[in-house]
Amino acid sequence: MTGPSLPFDADPAPSAAMGPIVAYIDGGARGNPGPAAYGVRIERPDGTLVEEFGDSIGVATNNVAEYRGLLSALEYAAAHGCPHVTVRSDSLLLVKQMRGEYRVKHPGLQRLHHAAKGLVLRFRTVRFEHVGRALNAHADRLANAAMDDAQSNRRDPPIR
């Protein structure tokens with residue numbers, strides 16, 4: 001599996017490490033499966049915004065979209081030399097799977113989980129925290145905006 005496409009200039013060898021970050025991630029699908037996207041908000045530990053982005057991923061399930069958001073956040077952190085990452089998500093399933101508390105049973109998620117675990121090895125520390133939806137509103141907004149953009153850019157067949 002290739003990694004997610006990065007919606008930013010990813011420099012594999014940045015000149016200076018960024019330091020620790022907090023990544024708020026969210027993914028969603030309209031229908032399940034349905035048109036799906038993820039959103040990521042990167043902050044410094046003091047809450048200062050560093051970057052935010054999201055992307056449409058086509059038709060997928062909510063859980064696949066959550067994992068795509070995680071992969072994108074981890075790729076961003078790796079590309080920017082962040083040694084310590086805290087990932088905050090409102091997906092209890094994803095958090096518990098990444099902590100090793102739940103098994104990953106679905107074959108489609110196993111591949112994404114394996115890729116995320118591989119990325120985790122690139123950092124000194126990675127913490128996974130479950131947060132309520134209210135605390136994840138920025139990432140949710142980004143995921144919904146990416147779904148909206150994809151929907152508005154979709155070309156409907158000509159009427160005959």
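Tabulated values for the structure
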| item | result |
| --- | --- |
| Linear extension gain, Q110 paired with V59, 0.36 nm per residue minus alpha-carbon span | 16.6 nm |
| Between 0 and 90°, nearest 10: helix 107-120 axis offset from the chain longest Cα axis | 30 degrees |
| Point-to-point label distance, T48-H130, nm (Cα→Cβ direction, 7 Å offset) | 3.3 nm |
| Relative contact order, percent, region 21-147 [alpha-carbon distance under 8 Å, six or more residues apart] | 35 percent |
| Highest-fluctuation residue, R141, R41, R103 considered, GNM on the chain with Cα pairs under 10 Å | R103 |
| In nm, spacing of pseudo-spin labels at H84 and D149 (7 Å Cα→C-beta vector) | 3.2 nm |
| Which of L112, L74 has the fewest Cβ neighbours within 10 Å, and the rest in rising order | L112, L74 |
| Least to most buried among E75, E66, E52 (fewest other Cβ within 10 Å first) | E52, E75, E66 |
| Computed [θ] at 222 nm, helices only, for the chain once each DSSP H run of length n ≥ 4 contributes -39500 (n - 2.57) | -11500 deg cm²/dmol |
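Taken together, the values in this text are just the output of simple stated rules run on the coordinates, not laboratory data. Because the structure is predicted, anything quoted here is derived from the model rather than measured. In this analysis, Cβ positions are derived from the backbone assuming ideal geometry, glycine residues included, and neighbour counts consider all displayed protein chains.
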